[in-house]
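Trainee: Supplied in structure tokens, the structure appears directly below.
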Amino acid sequence: MGGRKSSGRSSNGKNGFNRSAYEEDSLPLVSAEENLLAIVGGDENQPTPIHSVPILSSFNDRIRPILDAVDQLRRLMVMKEGIQLPTIVVVGDQSSGKSSVLESLAGISLPRGQGICTRVPLIMRLQHHTSLIPEMFLEFNGKTTRTDEVNVAADINIATEEIAGSGKGISDAPLTLVIKKNGVPDLTMVDLPGITRVPVHGQPDNIYEQIAGIVMQYIQPEESIILNVLPASVDFTTCESIRMYERLF
């Protein structure tokens, strides 16, 4: 994934990878039957080990190391040096349903409530885990803490308060949630604060400008893939997140 794309009701963009190089070294094709065996583990007479399926083996051997390398570079904050990394950036107006989309992908509960819930950029690193026991970590302010499916929402709130304070203000300092869980896709997504124009009690008067600055910081790079979340009942032309996307062109 390399070019900018906007996901929602429409999607377009360009691919930043070398297409010819990819085609020359493409993943091996497997039949529908082989893919089915990868899911069910083979037939009842001769179970197929999951690692023996060609497409999955190629993923583990070639693609997974690249994803791990990108995550390592992101932890080193190379973006501050001008090095951009491919990233799925989740944007939307406040209360647009971003949390519900991310919860469906990750299979966990995220902080909910009235007003702004995501007050810092939340980097979610999903990694498929062979073990049936999930592993979850929070990384922020130079430290790593363990969490679990029961306490992850509360722990995110605690970490957010350490980063952005106990009020309703926001911060551009990121909070990283690592989820190693069986069945999740290998993805890294950045959930940004929901866009709002009207500050509530406890928020600075320039809350819109602060949020807009964070959103533009993440969606401007050509490597960003923009996942724009908006309710189906809302007029497409009135969404502030769509307007921000249009400013890029």
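Trainee: Could you tell me the center-to-center distance, by alpha carbons, between region 85-112 and region 179-249 in angstrom?
Mentor: Each part's Cα centre sits 10 Å from the other's.
Trainee: Neighbour counts of other C-beta atoms within 10 Å: give me VAL215, VAL200 arranged from fewest to most.
Mentor: If I rank by nearby Cβ atoms, fewest first, I get VAL200, VAL215.
Trainee: Further question: Rounded to the nearest 5, what % of DSSP beta bridges with both residues in region 96-249 are antiparallel? Please list the in-between numbers first.
Mentor: On the way: 15 of 22 bridges.
Counting only bridges with both partners in region 96-249, antiparallel ones make up about 70 percent.
Trainee: Taking amide hydrogens as modeled 1.01 Å from N in the peptide plane, which residues meet the under 5 Å criterion relative to VAL89, leaving out close sequence neighbours?
Mentor: For VAL89, the qualifying residues are VAL190, ILE225, ILE226, LEU227.
Trainee: Among LEU105, LEU248, LEU132, what is the fewest-to-most ranking by other Cβ atoms within 10 Å?
Mentor: LEU132, LEU248, LEU105
Trainee: Would you please put 178-186, 224-232 in order of how densely packed they are, using the mean number of other Cβ atoms within 10 angstrom per residue and starting with the highest?
Mentor: On the way: 178-186: 15.8, 224-232: 19.3.
Peptide ranking by packing, descending: 224-232, 178-186.
Trainee: For a footprinting-style exposure proxy, rank PHE249, PHE137 by other Cβ within 10 Å, fewest first.
Mentor: Going from sparsest to densest Cβ surroundings: PHE249, PHE137.
Throughout, read-outs are computed from the coordinates displayed, never taken from laboratory work. None of these values were measured; they are calculated from a predicted model. Glycine also receives a Cβ, built like all others from the backbone with ideal geometry; neighbour counts cover every protein chain displayed.
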